[in-house]
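*Asks:* Sharing a structure, written as structure tokens. Questions coming.
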Amino acid sequence: MKKGFTVVEMIVIVAAICILIGIIVSVTFDGSGKKNFVSEPTPVPQTVTPKTVTPETVPNHENLVNQKFTKVPRNQINEWLENCKERVVCITPLMHNVLNDLFIDSYLVVTEPQR
């Protein structure tokens, strides 16, 4: 009786182990397990003929002129919001990526005067 593996059997075993290790490493470090699907905006077909621009057809952008953008540190957002005397329109977190984890640095706050 012979003991041990033949050269062909050893090559097959080593190849199978290398393939498994490669799959595990690629899923772990490449982030292939986490898929972030971001779809592209769908273009709107232009079937309507363009109309002439008149003052009535122009959108009203008066609110955009009065808006203010403020960058607020992450640890001061609650205090800042309590002391804010204006109407808050939007709060957007500003983030950075560290090893495929997102961390909030600060917030971008859009405000406009009270009506």
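Each reported figure results from applying straightforward, stated rules to the coordinates on display, with no laboratory input. Quantities reported herein were computed from a predicted structural model and do not represent experimental measurements. Ideal geometry is used to build each Cβ from the backbone, glycine not excepted, and the neighbour counts take in all protein chains shown.
*Asks:* Which value in nm describes the separation of the simple spin-label points at V14 and W80, placed 7 Å from the Cα toward the beta carbon?
*Replies:* 5.9 nm
*Asks:* So, one more: Pop out the Kirkwood hydrodynamic radius of the range 62-115 from its pairwise C-alpha distances, inverse of mean 1/r, in Å to one decimal. Please list the in-between numbers first.
*Replies:* Numbers: mean 1/r = 0.0823 Å⁻¹.
Averaging 1/r across every pair of different Cα atoms and inverting gives 12.1 Å.
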